[in-house]
1. For the range 113-198, what class follows from the C-alpha gyration tensor (a ≥ b ≥ c being the square roots of its eigenvalues): rounded when a/c is under 1.5, otherwise prolate if a/b is larger than b/c, else oblate?
2. Amide H to amide H, which residues 5 or more places from Gly166 or on other chains are under 5 Å from it, using H placed in the peptide plane?
3. For Leu39, what residues show an amide H to amide H distance below 5 Å, using hydrogens built from the backbone and excluding near sequence neighbours?
4. Output wanted: per-residue J couplings in Hz (rounded whole) for the range 133-150, from phi through Karplus 6.51 cos²θ - 1.76 cosθ + 1.60, θ = phi - 60°, x for Gly and Pro.
5. Per the 1.4 Å probe, what fraction of the accessible area of the range 107-199, in percent, lies on carbon and sulfur atoms?
Amino acid sequence: MASKDDVTLERWRHITEWPLTALAVIFLIAYAVTVIENLPARETLPDDIMNAIWACFVIDYVVSLVLARPRRRWFLTHVHELIIVALPVLRPLRLLRLISVVRVLHRGSVLAFRGRVAVYVVITTVLLVLVAGLAVLDAEQNAPGSNIRSFGDAVWWAFTTVTTVGYGDYYPVTLMGRLVAVGLMAAGVALLGTVTALLASWFVEQVRSASELANSATGDDGMNEPSRSDSNQ
């Protein structure tokens, strides 16, 4: 039976889920404007908006930590949230909060399991390409020797990287850009594995259905044979 504190934390999560998701989307828009327009940091309205939203993320983490029971277990299982709120200098890392968008949309889907997985993969892929493109453009566009200078170049690089194609026509030269590349490649491998498993399960199900249909037809023919023999007699 859940304790009162567990119920309180669950209620807090339920109340803040959609507002935080909306804030994450607004954060992405403000971040996109800052990066694509190549605006100076800490001197623009989009940056003020991102800082205000960031404060909301910090408040959510602190409240959740206070309400959690057992607190130590919650802390250990939510270290990634601590990293997100503790490293404000790594702006691309803040966009990990967009995982909540996928979680909310995935939970609200009424499709069958395979359909929900397909929706999850599509939404996750789009978010990964968009976020990684913005993150690598943020890191690369002002770096000496960089060849990723526009949002179009960044999205193309992200798409070829997440699909593990990697043409090599665009590549990051900064440490932050390469860290984004490593994370995107790892995510791309995981997504491809999910798609492969999804297709494999579909083929297995089709083969099983065909086999059951054939066995059913064979059984019906076997039951009809004695009846035909009796009628001939």
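1. Values: a/c = 2.71, a/b = 2.30, b/c = 1.18.
Prolate.
2. The list, which skips near neighbours in sequence, is Thr161.
3. none
4. Result, ordered by residue: x, 5, 5, 6, 5, 4, 7, 9, 5, 10, 8, x, x, 6, 10, 9, 10, 10 Hz.
5. Of all accessible area on the range 107-199, carbon and sulfur atoms account for 72 percent.
The values are calculated or read from the model by the stated rules, or taken from the named source; none is laboratory data. Note that this is a predicted model, so its numbers are computed, not measured. These area figures cover heavy atoms from the full protein model, side chains too; ligands, DNA and RNA do not enter into them. Shrake-Rupley method; radii C 1.70, N 1.55, O 1.52, S 1.80 Å.
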